[in-house]
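The values are calculated or read from the model by the stated rules, or taken from the named source; none is laboratory data. Keep in mind it's a predicted model, so treat the numbers as computed, not measured. Ideal geometry is used to build each Cβ from the backbone, glycine not excepted, and the neighbour counts take in all protein chains shown.
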Amino acid sequence: MTLVVKDLNVAYGDTQVLWDINISVAKGEVIALVGSNGAGKTTLLRTISGLNRPKSGQISINGQDLTQATPAQRVRLGVAHVPEGRQLFAGLGVRENILIGAYLRTAGQEVRRDLDFMFETFPEVAARRNQQAGTLSGGEQQMVALARGLMSRPQVLLIDELSLGLAPVVVEKLFNLIRNVQKELGIGVLVVEQDVEMAFEMADRGYILDTGMIVKEGRGEELLGDDAIRKAYLGI
Ligand SMILES: Nc1ncnc2c1ncn2[C@@H]1O[C@H](COP(=O)(O)OP(=O)(O)OP(=O)(O)O)[C@@H](O)[C@H]1O
Ligand SMILES: [Mg+2]
């Protein structure tokens, strides 16, 4: 397994928000993480990338323990995080925003080659490479955020709220792009997604997080076919 999270507990002060979380993401897998507002999805992603400290539990990548590593060390070891709300530098150009993802890399030629790959992968963004990031559409901004994440050459890409503010047709397109890139680069993807139906359709496996606990996991189609899940999350 590329990414393994084991018995993870996370609290803000005295308030525990994640309880005994066990999840894994293998190379070549797209994993969907769904759950209602406040369930702890962002907290989980932030803890994996080292922005929150767990109370207990382990996080490892390719068998290497990351639990005590700094966020920068985790980027070097292969964790990239596309944060909720994208967090682009609105006043900087598209190209500069994407290059920020390569800030720990020193091989200039390789970085330039990867930048070209991003522009091939996301042609809408290539056409706007010199435009200020804040002037792009929501879907284009999400592509810039994805490209920035990929520029660190991750083993695992964490994506928080892929669909935030985007039309379903745009989300579907992004999912397809992620699939293609993921196959080409052979990485694992953990994506937090509000659109449960789309998430389980597009993902290999999924986890449902409910008030800080994983209450269900399975293959995408299994979860989609589960009556209790259909009632609770799809309203059908
Ligand atoms: N920095 C913080 N300090 C205290 N409590 C926090 C902090 N960040 C999050 N929380 C609380 O932790 C819980 C989980 O929040 P989190 O943002 O992880 O949920 P989420 O599943 O990502 O929700 P959403 O779908 O709304 O993005 C919430 O009850 C939230 O209020
Ligand atoms: Mg969140």
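Summary table
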| read-out | value |
| --- | --- |
| Positions within the stretch 203-236 being part of a strand (DSSP E or B) and over 15 Å from residue 32 (Cβ atoms), in sequence order | 213 |
| Residue that is farthest from ligand 1 (Cβ to nearest atom) [pool: residues in the stretch 5-19 that are part of a strand (DSSP E or B), exposed (fewer than 13 other Cβ atoms within 10 Å of the Cβ) and on the phi < 0 side of the Ramachandran plot] | 15 |
| The listed residue being within 16 Å of ligand 1 (Cβ to nearest atom), in contact (Cβ under 8 Å) with a residue 12 or more places away in the chain and closer than 24 Å to residue 177 by Cβ, out of 86, 128, 105 | 86 |
| Helices (runs of 4 or more DSSP H) completely within the stretch 108-201 that count 2 or more residues being buried (at least 19 other Cβ atoms within 10 Å of the Cβ) | 108-121, 138-150, 168-185 |
| Residue in the stretch 79-91 that is more than 30 Å from residue 135 (Cα to Cα) and out of contact with any Ser or Thr (no Cβ under 8 Å at 6 or more places or on another chain) present | no |
| Within the stretch 46-65, considering residues that are more than 9 Å from ligand 1 (Cβ to nearest atom) and charged (D, E, K, R), the one nearest to residue 157 (Cα to Cα) | 65 |
| Subset of the stretch 124-151 [among the basic types (Lys, Arg), within 26 Å of residue 106 (Cβ to Cβ) and more than 19 Å from the chain's Cα centre (by Cα)] | 129 |
| Which listed residue is among the basic types (Lys, Arg) and over 15 Å from the mean Cα position of the chain (by Cα), from 179, 113 | 113 |
| Residue in the stretch 46-62 that is modelled with pLDDT under 95 and either assigned to a strand (DSSP E or B) or more than 30 Å from residue 13 (Cβ to Cβ) (or both) present | yes |
| Residue in the stretch 66-82 that is within 16 Å of ligand 2 (Cβ to nearest atom), surrounded by 15 or more Cβ atoms within 10 Å (Cβ to Cβ) and under 13 Å from the mean Cα position of the chain (by Cα) present | yes |
| Residue among 33, 66 that alone is over 18 Å from residue 145 (Cα atoms) and touching a Phe, Trp or Tyr at 6+ places or on another chain (Cβ under 6 Å) | 33 |
| Pairs, first in the same structural domain as residue 93 (by TED's automatic domain parsing) in the stretch 110-121, second part of a helix (DSSP H, G or I) and of a type in the set (S, T, N, Q), C-beta under 8 Å, six or more apart | 121/180 |
| Pick from the stretch 20-45, criterion in a strand (DSSP E or B) and surrounded by fewer than 18 Cβ atoms within 10 Å (Cβ to Cβ), ranking: nearest to ligand 1 (Cβ to nearest atom) | 20 |
| Leading residue by the ranking (surrounded by the fewest Cβ atoms within 10 Å (Cβ to Cβ)) among those in the stretch 46-65 that are farther than 25 Å from residue 203 by Cα and within 16 Å of ligand 2 (Cβ to nearest atom) | 51 |
